[in-house]
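Heads up, the thing below is written out as structure tokens.
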Amino acid sequence: MSNRTHDGTEHMKVTSVEQLEEWVGKDLGVGQWLTMTQERINAFADATGDHQWIHTDPERCRAEGRRTTIAHGYLTLSLITLLREGMDGVEIAIDAKMGINYGSDRLRFINPVYEGDKIRLKTSLTALDKVGENVWQVKYKHVVEIDGEDKPALITEALNRIYF
């Protein structure tokens with residue numbers, strides 16, 4: 001199934017493993033921009049207990065010669081699910097018993113995300129393998145881009161499993 005998104009790009013809906021196999025090695029889409037707020041950074045600091053000043057003290061950051069606070073790397077990583085919502089491109093809507101986050105093969109934090117930065121997700125499908133009876137493993141390459149920056153915030157190879 002195919003139709004056009006708000007910006008004119010093609011939107012595809014994948015409803016089977018066979019259709020998904022056709023996307024291995026291809027870009028799946030790009031998400032909308034999300035602004036990193038100090039409130040979000042502070043909430044993550046509260047949830048994790050990581051209140052290091054580079055995350056939570058804008059005044060000290062400026063006094064130390066920094067633009068402002070930086071988001072925790074794991075905060076940026078944790079936003080991948082949110083950044084996928086409303087992503088233009090390929091929608092994976094396979095009817096399965098369940099899908100789970102299985103982990104990551106590789107994760108690199110490349111560039112800091114400052115409070116006020118806009119980030120978005122670019123995703124490609126790198127592998128699709130049958131790993132058990134009625135179980136498929138999907139490997140995505142996720143790149144979290146920062147508006148106006150040449151280097152992304154992070155790159156990870158995320159693994160998901162689909163159970164039928």
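The values are calculated or read from the model by the stated rules, or taken from the named source; none is laboratory data. This structure is a prediction, so every number in the text was calculated from the model and none was measured. All Cβ positions, glycine included, derive from the backbone under ideal geometry; neighbour counts span all protein chains shown. Calculation scope for accessible area: heavy atoms of the full protein, side chains included, ligands and nucleic acids excluded. Shrake-Rupley method; radii C 1.70, N 1.55, O 1.52, S 1.80 Å.
Taking the stretch 91-130 as the range and being open to solvent by less than 20 Å² (accessible area, probe 1.4 Å), within 10 Å of the chain's Cα centre (by Cα) and more than 22 Å from Asn42 (Cβ to Cβ) as the test, the residues that pass are Leu121, Thr123. Annotation note: of Ile162, Ile155, Ile119, the sole residue that is of a type in the set (Val, Ile, Thr), within 16 Å of Val14 (Cα to Cα), at pLDDT 95 or above and in a strand (DSSP E or B) is Ile162. Checked against (1) within 29 Å of Arg161 (Cα to Cα); (2) open to solvent by 40 Å² or more (accessible area, probe 1.4 Å); (3) modelled with pLDDT under 95, Asp88 passes all but condition (2).
Here Thr69 fits the description: in contact (Cβ under 8 Å) with a residue 12 or more places away in the chain, in contact with a Cys (Cβ under 6 Å, 6 or more places away or on another chain) and surrounded by 15 or more Cβ atoms within 10 Å (Cβ to Cβ).
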